[in-house]
Every structure is written in C-alpha cells, then in structure tokens.
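The values are calculated or read from the model by the stated rules, or taken from the named source; none is laboratory data. Everything quoted here is computed from the prediction, not taken from an experiment. Cβ placement follows ideal geometry from the backbone for every residue including glycine, while neighbour counts extend to all protein chains displayed.
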Amino acid sequence: MKIKGPWPRILRAKRRREREKVRKGGQEKGEKKGKGREGGKKKKERREKEKGKGGERKKRETRGGRGEGRRKRKGGGKKGMVPRSGASTPFLKELLEKIGLSVIELYLYDVCAFRDTSQWNEFRQLFSQNKVDGIIFTSASSVRAFFEIMTKDHEQNKLVDMLQKTMVVSIGPFTADELKKFNVKNTIADVHTIPGSLDAIVKAFSLAEAI
C-alpha cells in the first residue's frame with residue numbers, strides 16, 4: 001500500500017538525517033580517540049621535557065647552589081652588637097665577620113679573682129694533702145683566677161706538679177688552651193657544657209679505675 005502525499009518524503013528525510021547522525025557520531029568518536037592518543041603523547045613529551053629541565057636545574061644547583069647558599073647565609077653588611085666580658089676571646093666576632101656582619105663589641109664587665117679567699121681554706125688544705133680527686137675548669141678566666149689565688153700558697157711549678165696528680169677536665173678548647181699555657185694536662189669534655197664536663201670526669205675516673 002502506497003502512502004500518498006508529502007509523508008514518504010518526510011520519512012525518507014528523517015531516516016537520512018538519522019543515518020547522517022549515526023555516521024557523524026562514529027566519526028566524532030574516532031576523532032576523540034585520536035585526540036586522546038595525541039593528548040597522551042603530548043603529556044608524555046611534556047613530562048619528559050620537564051624531567052630534562054629538572055635535571056638541568058639540579059645540575060645548576062649542584063654547581064652553584066652551595067655558593068648561593070653561602071651568599072644567602074651572609075649578613076649582607078648588617079650590623080650586630082655583642083655584649084661581652086673583658087675576658088672574652090675574639091672567636092665569636094671573627095665568626096660573625098666571616099658571614100658578612102659588622103660586629104660592635106660592647107664590654108659590660110671584667111673578670112677578676114675573688115679578693116676574699118678565706119672560702120678557699122678548706123680546698124687549700126685538701127689540695128695540699130692530695131685529697132682532691134678532680135677539678136673541672138669551666139672557662140679560661142677561671143683557670144687564671146685559680147692560679148692567681150693558689151700561687152699565694154704554692155709556687156707555680158709546684159702547683160702544676162700537684163695538679164698532675166689530679167684529674168683535670170676543661171669544658172672546651174679555649175679553657176684547655178689556657179691550661180696548656182700553665183703546662184697543665186687536661187681532658188676536654190666532648191659536650192662543652194657543665195653536664196658534659198661532669199660526664200667527662202666520671203668517664204675519666206671509670207677508665208682510671210679499670211687500669
């Protein structure tokens with residue numbers, strides 16, 4: 001049975017549009033897949049380029065990073081004030097100047113031996129009898145004060161001989177250097193603090209007992 005009128009043309013046009021839509025849809029899917037593959041390749045290439053740049057950056061940092069780090073750590077002409085005692089060494093000032101700081105030292109006080117030495121009487125007596133097993137010196141100024149006070153009772157050479165029979169510990173290298181000026185053998189604490197010095201003298205006593 002044939003349908004008369006415009007309907008056959010309309011149906012044919014509708015079917016044609018549907019076929020074209022299906023065909024276009026297939027093409028679009030293929031294009032999307034192709035774009036996806038291309039996008040994946042581009043991403044991979046971009047990652048490889050970034051890795052290459054990262055490697056170059058690391059090389060540059062390895063070559064010049066240390067120097068740049070040093071420059072960053074430098075003070076850059078800044079000024080610093082350090083309150084100090086008259087017995088202080090120039091170590092801190094020199095260290096700060098090495099990193100670019102301009103240092104002003106402000107001396108607040110000086111160090112001297114205590115004038116009233118009566119409180120030393122018991123120590124003098126025990127020390128003269130070789131009953132002092134160990135002495136800890138916590139600063140270079142304490143070494144100078146010790147000799148200033150004790151040389152009132154003993155000659156320096158005799159005092160040094162007496163110290164050889166005693167375990168002498170210095171809190172750090174500066175104190176040890178001061179003791180060396182008086183020819184006193186000493187053990188430097190590994191940790192330059194009061195607790196570290198106590199640990200050092202206990203360790204020295206333990207070793208002496210083991211021998």
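The table that follows gives values for the structure above.
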read-out	value
Which numbered condition Lys93 misses (of (1) in contact with a helix residue (DSSP H, G or I) (Cβ under 9 Å, 6 or more places away or on another chain); (2) outside the structural domain of Ala200 (by TED's automatic domain parsing))	(1)
Search result, residues across the stretch 163-183 that are hydroxyl-bearing (Ser, Thr, Tyr) and not in a helix (DSSP H, G or I)	Thr166, Ser170
Every residue from the stretch 85-98 that is charged (D, E, K, R) and either touching a residue at least 24 places away in the same chain (Cβ under 8 Å) or buried (at least 16 other Cβ atoms within 10 Å of the Cβ) (or both)	Lys93
Of the criteria (1) of a type in the set (Gly, Ala, Ser); (2) over 19 Å from Val111 (Cα atoms); (3) buried (at least 16 other Cβ atoms within 10 Å of the Cβ); (4) in contact (Cβ under 8 Å) with a residue 24 or more places away in the chain, which one Ala189 fails	(4)
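Let's see how each residue does on (1) surrounded by fewer than 16 Cβ atoms within 10 Å (Cβ to Cβ); (2) at negative phi; (3) in a helix (DSSP H, G or I):
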position	(1), (2), (3)
Gly80	yes, yes, no
Pro83	yes, yes, no
Gly100	yes, no, no
Val103	no, yes, no
Cys112	yes, yes, no
Val143	no, yes, yes
Lys152	yes, yes, no
Asp161	yes, yes, yes
